[in-house]
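A.B. asks: Before I ask anything, here is the structure I am working with.
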């Protein structure tokens, strides 16, 4: 019997038991629904992470630190010895952590390496506040502008070399600082302030003036330094920024160093950096990038590439997706029993038909095939039902999810790929065929004489 | 020529042993009409199953057109049955939810016949049994007589050399049964195929060239109306003779 005839006949047989076929396929459809949405969410998350990487990182750069704690890879279960020269911060669980920072000598050493094209310090300053004449004060964070960043602008433009007093202001501050709109903010001045730490010089100066109420007051007045900046551009709320950096304002490396020096002078963090960006010569060539990364590791540093950062982000997403996919897979496995049951019932109900086909010369192999194709049809139908419903529901929910998760226009959590769905359906068909294996074998082994005698 | 030589078939073992066929031998010339007659349990169906290759004898052979059936491998046996044999059953065994066309198509699909040729053969077969007007009807919607005509169309569609009919009129009223018998014999003449009918019906048996009478698994008589001695015997006398041996 030709395969085409077997396929047609198996399809016809299923059409004759529509309700049973649809119910059995529905069980598979539940699993398919979950798996299709998981795949779509995986695509969406991957796309989102890719955009974050593309819009925030230069793939030819390495992020270099002196301590793996900076990249969240510390052993948090083992006590760590205190070192007063170490920098301090907070873990994701808000626990105090210490980490060894990079010093100027480290920067000189790394800059001198033959693979280093240039080096940028990664500086992030927690401002005391930012304000504008006659306006309220707001808390904020200023960070070194990374040329790999491509923020969407509401107004203005980013100069090729960000000037010493230029600032890229997040859109959210426009109204807060009393500007009419983004355009109005361009070229206007705003004030960033940092708290100057006390150091020995300040105390000595105060003591030199004598310990009067006035000298103590003057010590308090010098504790905050205000620096004016000019708004070069207003940046839109970034949809693909690293989480938590949405309100970061960006300044030049020089300005960031200046602010950082004021804020850290006299502390253990003075001229210490959590990490630096090292642009590798021919860094777009993966082998050169890995070679540089290995050398930095050999020097005792921790170096993370864009791919590592991407992997770090996607690994978290993959774990969550794995959980959802596991539920989908369990649903598919449960549906396998439904197929086995349906196929066995079908074999029993069609015993005489099987006997007749065998009497007419149909080979046992073809009888088995007929039932396996029926199982494949059920898998196909369940796959189509589940994926079409998932596509419909996902497409309908995408705008709502985008708004709820603040993904920004043009970003969707659920991205459906036809090729992936097709592969999923083929896999489901294979699973269904495997589920139909034993019923098909029972059918193929039926004795035609006994089968024809069945009432 | 069909040669049945010393067939023996035993079911069960030891105390449950049942001898269904005992050392049966006879020959059937091509194009004959043959009735296998006997009471229930006489071995008629077992004989038909072995002659059609659906079952295997414990001893003896069945040779059809030079092919010893039970020496054929399974695949060759299936192919032989698909190409050389047609089957008509008492219970019709039509696929009720499929159309008349689809039912007749089954043996051709099994035989691997292409779609175009298949279409011609199905229509020709349905024309022979006068069911062309029901071609797209569901088999389940047909009357008993129509179902049996459909079963006949399915049996003859591959133009087999040998047609087995197991109690073909058993589920039909006498008028319809007579029509079916008439059709079977007409087809035997027009197609030239050998017709082997397993039946309780003496009237039907009397119309056949050869009447093989079984009793307790053994052949008690072979009446051949083609032999000079028996040619002159009327069908009434033949029936009487058969009844006497049973």
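A.B. asks: Mind checking which residues of the stretch B:71-90 are more than 8 Å from every other protein chain (Cβ to nearest Cβ) and surrounded by fewer than 18 Cβ atoms within 10 Å (Cβ to Cβ)? Show your work before the answer.
C.D. replies: Pass one, the stretch B:71-90, residues more than 8 Å from every other protein chain (Cβ to nearest Cβ): B:71-73, B:76-77, B:84, B:86, B:88, B:90.
If the condition is that a residue be more than 8 Å from every other protein chain (Cβ to nearest Cβ) and surrounded by fewer than 18 Cβ atoms within 10 Å (Cβ to Cβ), then B:71, B:72, B:73, B:76, B:90 are the ones that fit.
A.B. asks: Here are B:117, B:74: which of them is free of Cβ contacts under 8 Å to residues at least 60 places away in the same chain and closer than 19 Å to residue A:444 by Cα?
C.D. replies: Step by step, each of B:117, B:74 is checked, and only B:74 is free of Cβ contacts under 8 Å to residues at least 60 places away in the same chain and closer than 19 Å to residue A:444 by Cα.
A.B. asks: A follow-up question, please. What residue, of A:313, A:247, is touching a strand residue (DSSP E or B) at 6+ places or on another chain (Cβ under 8 Å) and on the phi < 0 side of the Ramachandran plot? Let's see the steps before the verdict.
C.D. replies: On the way: A:313 fails: touching a strand residue (DSSP E or B) at 6+ places or on another chain (Cβ under 8 Å).
After ruling out the rest, the residue left standing is A:247.
A.B. asks: Scan the helices (runs of 4 or more DSSP H) fully inside the stretch B:145-246 and keep the ones with 2 or more residues being under 29 Å from residue A:353 (Cβ atoms) and at pLDDT 80 or above. Show your work before the answer.
C.D. replies: Numbers: elements: B:174-191, B:202-206, B:228-231, B:235-245.
Result: B:174-191.
A.B. asks: Take residue A:275 and tell me if it is under 30 Å from residue B:108 (Cβ atoms) and away from chain B (no Cβ under 14 Å). Explain how you work it out, then say what you get.
C.D. replies: On the way: under 30 Å from residue B:108 (Cβ atoms): no; away from chain B (no Cβ under 14 Å): yes.
No; evaluated as a whole, the condition is false for this residue.
A.B. asks: Residues in the stretch B:128-139: is at least one within 13 Å of chain A (Cβ to nearest Cβ) and in contact (Cβ under 8 Å) with a residue 24 or more places away in the chain?
C.D. replies: The first filter runs over the stretch B:128-139 and keeps only residues within 13 Å of chain A (Cβ to nearest Cβ), leaving B:138-139.
If we keep only those that are in contact (Cβ under 8 Å) with a residue 24 or more places away in the chain too, we end up with B:138-139.
Yes, some residue in the stretch B:128-139 is within 13 Å of chain A (Cβ to nearest Cβ) and in contact (Cβ under 8 Å) with a residue 24 or more places away in the chain.
Here is a yes/no grid of residues against (1) under 29 Å from the mean Cα position of the chain (by Cα); (2) closer than 26 Å to residue A:422 by Cβ; (3) at pLDDT 90 or above:
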site	(1), (2), (3)
A:285	yes, no, no
A:312	yes, no, no
A:320	yes, yes, no
A:331	yes, yes, no
A:357	no, no, yes
A:361	no, no, yes
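A.B. asks: Sticking with this structure for a sec: Search the stretch A:1-19 for residues that are within 14 Å of residue B:114 (Cα to Cα) and within 11 Å of chain B (Cβ to nearest Cβ) and pair each with any residue that is at pLDDT 90 or above and in a helix (DSSP H, G or I) when their beta-carbon atoms are under 6 Å apart and the residues are at least 6 apart or on different chains.
C.D. replies: A:1/A:366; A:1/B:109; A:1/B:110; A:5/B:109; A:6/A:369; A:6/A:370; A:6/A:373
A.B. asks: Out of the stretch B:108-120, which residues are more than 8 Å from chain A (Cβ to nearest Cβ) and not in a helix (DSSP H, G or I)? Don't jump to the end; show me each part of the working.
C.D. replies: Let us first name the residues in the stretch B:108-120 that are more than 8 Å from chain A (Cβ to nearest Cβ), namely B:108, B:113-120.
The answer is B:113, B:114.
A.B. asks: Oh, and also: Looking at the stretch B:91-107, which of its residues are facing another protein chain (nearest Cβ under 9 Å) and assigned to a helix (DSSP H, G or I)?
C.D. replies: B:102, B:105, B:106, B:107, listed by residue number.
A.B. asks: Looking at A:384, A:378, which is the one that is modelled with pLDDT of 95 or more, buried (at least 16 other Cβ atoms within 10 Å of the Cβ), assigned to a helix (DSSP H, G or I) and assigned by TED's automatic domain parsing to the domain that holds residue A:46? Steps first, please.
C.D. replies: Working: A:378 fails: modelled with pLDDT of 95 or more.
Step by step, each of A:384, A:378 is checked, and only A:384 is modelled with pLDDT of 95 or more, buried (at least 16 other Cβ atoms within 10 Å of the Cβ), assigned to a helix (DSSP H, G or I) and assigned by TED's automatic domain parsing to the domain that holds residue A:46.
A.B. asks: Let me ask something else about it. Do you know which of the residues in the stretch A:433-450 that are within 14 Å of chain B (Cβ to nearest Cβ) and not in a helix (DSSP H, G or I) is surrounded by the fewest Cβ atoms within 10 Å (Cβ to Cβ)? Before the answer, list the steps.
C.D. replies: Quick first cut of the stretch A:433-450, residues within 14 Å of chain B (Cβ to nearest Cβ) only: A:444-450.
Add one more test, that the residue is not in a helix (DSSP H, G or I), and what stays is A:445-447.
Values: A:445: 11, A:446: 21, A:447: 13.
Ranking the qualifying residues of the stretch A:433-450, first place goes to A:445.
A.B. asks: So which of A:171, A:175, A:214 ends up being modelled with pLDDT of 80 or more and exposed (fewer than 13 other Cβ atoms within 10 Å of the Cβ)? I'd like the intermediate steps shown before the answer.
C.D. replies: Values: A:171 fails: exposed (fewer than 13 other Cβ atoms within 10 Å of the Cβ); A:214 fails: modelled with pLDDT of 80 or more.
Checking each option against the conditions leaves just A:175.
A.B. asks: Looking only at the stretch A:410-432, filter to residues that are touching a helix residue (DSSP H, G or I) at 6+ places or on another chain (Cβ under 8 Å) and outside any helix (DSSP H, G or I); which one of those is surrounded by the most Cβ atoms within 10 Å (Cβ to Cβ)?
C.D. replies: The residue in question is A:414.
The values are calculated or read from the model by the stated rules, or taken from the named source; none is laboratory data. Everything numeric in this text was worked out from a predicted model, so none of it was measured. Methodologically, a virtual Cβ is constructed for each residue, glycine included, from the backbone with ideal geometry; neighbour enumeration extends over all protein chains shown.
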